[in-house]
Amino acid sequence: MRHSFGSYIRERREHLQKSNPRAFTLRGVSREVGLEPSYLSKIERDTQPPPSEETIKRLAAVLGEDGDMLLAMAGKISTDLKEVICRRPQLFGQLLRELKNQPDHAVLRLVREVRDGEW
């Protein structure tokens, strides 16, 4: 089952709350992220669309999640990735289309080769 952005945030927060009851209350997380508790509640209940990129990144940091993953769940992409793609849209479009059906291990191998400069 695929989670909505809001339900995923709520489930993650509630899971963390089990081991740290005070820090991961709705109010505690709201305070850490810089949001009103009512606004975070609306996000978690999916009555409010996902927040801005910066807010999502702060949520990711507080919840111990990957920012890019949460952005993708929200239907967004980080500004730095947009800039990279926009510099060479045809090449990155082709690359992403070729990679979309590849298994994770193949994509990871490619990432490591690029990162390590082993062509």
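The values are calculated or read from the model by the stated rules, or taken from the named source; none is laboratory data. None of the values given here were measured: they were computed from a predicted structure. Here the Cβ positions follow ideal geometry from the backbone for every residue, glycine too, while neighbour counts run over all protein chains shown.
Selection of first residues in the range 38-50 that are on the phi < 0 side of the Ramachandran plot and of second residues that are among the β-branched types (Val, Ile, Thr), restricted to Cβ pairs under 7 Å at least 6 apart or on distinct chains, gives the following pairs, ordered by first then second residue: LEU40/VAL29; ILE43/ILE9; GLU44/ILE9; PRO50/ILE43; PRO50/ILE56.
Being of a type in the set (Lys, Arg) and more than 20 Å from the chain's Cα centre (by Cα) is the filter here, so list the residues in the range 21-37 that pass it. ARG22, ARG27 - these are the residues of the range 21-37 that are of a type in the set (Lys, Arg) and more than 20 Å from the chain's Cα centre (by Cα). Restricting attention to the range 11-39, which residues are over 13 Å from VAL62 (Cα atoms) and either aromatic (Phe, Trp, Tyr) or surrounded by 15 or more Cβ atoms within 10 Å (Cβ to Cβ) (or both)? Selection gives TYR39 alone.
Contact map, the range 89-100: first residue surrounded by fewer than 11 Cβ atoms within 10 Å (Cβ to Cβ), second residue assigned to a helix (DSSP H, G or I), Cβ cut-off under 9 Å, separation 6 or more or different chains; pairs are LEU96/ILE85.
Just so you know, in the range 40-50 the residues that are of a type in the set (D, E, K, R) and outside any helix (DSSP H, G or I) include one that is surrounded by the most Cβ atoms within 10 Å (Cβ to Cβ), and it is ASP46.
Okay, residues lined up against (1) at pLDDT below 95; (2) of a type in the set (A, V, I, L, M); (3) assigned to a loop (DSSP other than H, G, I, E, B):
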| residue | (1), (2), (3) |
| --- | --- |
| ARG58 | no, no, no |
| LEU71 | no, yes, no |
| LEU96 | yes, yes, no |
| LEU108 | yes, yes, no |
| VAL114 | yes, yes, no |
| GLU118 | yes, no, yes |
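Of all the residues in the range 1-10, those that are part of a helix (DSSP H, G or I) and either in contact (Cβ under 8 Å) with a residue 40 or more places away in the chain or closer than 16 Å to ARG58 by Cα (or both) number 5.
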